[in-house]
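To start, the structure itself, in structure tokens.
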Amino acid sequence: MSKIWYSVQVWSGLEEKVKEEVEKLLEKAGIKDKIEKIFVPPPKEIECVFSPEKQVVQKFYSGYFLIFGELDEEIKEEIKKIEGVLDIVGGDRVYIFRTDEVEKLISQLVVEEIKPKPRYQFMQGDRVRITEGPFANFIGIVDEVKPDKGKVKVLVSIFGRETPVEIEFAYLQKI
């Protein structure tokens, strides 16, 4: 049997804990050498600054981690018995994970983790100037901040009417 990629589906937020339990199980069974890698996708952090500083963390592929190795049916069943594990996918003809695809995914996720985290400081009621796009140089008032999307809803005056416009953080300047 050759080594292949498996995806372990777990309860969201328990990826690291279940990974440790799987490692203990493999060591106890004496087959740790059959597993080459266990990869938990890293969290992507988006940091936004408000009046009280707040950090929002988003996970890539929340609820999954990857195993590269040889797993027989008996070990798969033992892994499925671990609290928090929902299913194991891979190893049959329907769910084949190609090594090159998985390595590309892993490299993208690791690069994402290294990128600097943007810091923005917008609150509801702030006066802002739009710096780019079709509304460049318009001045408006922040109506809603959407840190998960990296956008702000700004009310700008167009022909004497307040009009909501959704703008990315990068295209706004606080006045």
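Side notes on the structure shown:
- Compared with the alpha-carbon gap, the fully stretched path from LYS34 to VAL89 is longer by 18.1 nm at 0.36 nm per residue.
- Annotation for ILE158 and GLU73: the two label points, set 7 Å from Cα along the Cα-Cβ direction, are 6.3 nm apart.
- Highest mean packing comes first when the peptides 135-145, 5-15, 24-34 are listed by Cβ atoms within 10 Å, giving 5-15, 135-145, 24-34.
- FRET E, pair LEU25, GLU132, Förster distance 35 Å, beta-carbon r, rounded to 0.05: 0.10
- Nearest-0.05 FRET efficiency for TRP11 and ILE141, computed from C-beta distance (R0 45 Å): 0.60
- P(r) histogram, all alpha-carbon pairs of region 127-174 included - 5 Å bins from 0, percent: 5, 26, 37, 23, 7, 2, 0
- Sequence ranges 99-107, 67-75, ranked by mean other-Cβ count within 10 angstrom, highest first: 67-75, 99-107
Values in this text are rule-based calculations from the coordinates and carry no lab data. Given the structure is predicted, the values throughout are model-derived calculations rather than measurements. Virtual Cβ from ideal backbone geometry, glycine too; neighbours counted across all protein chains shown.
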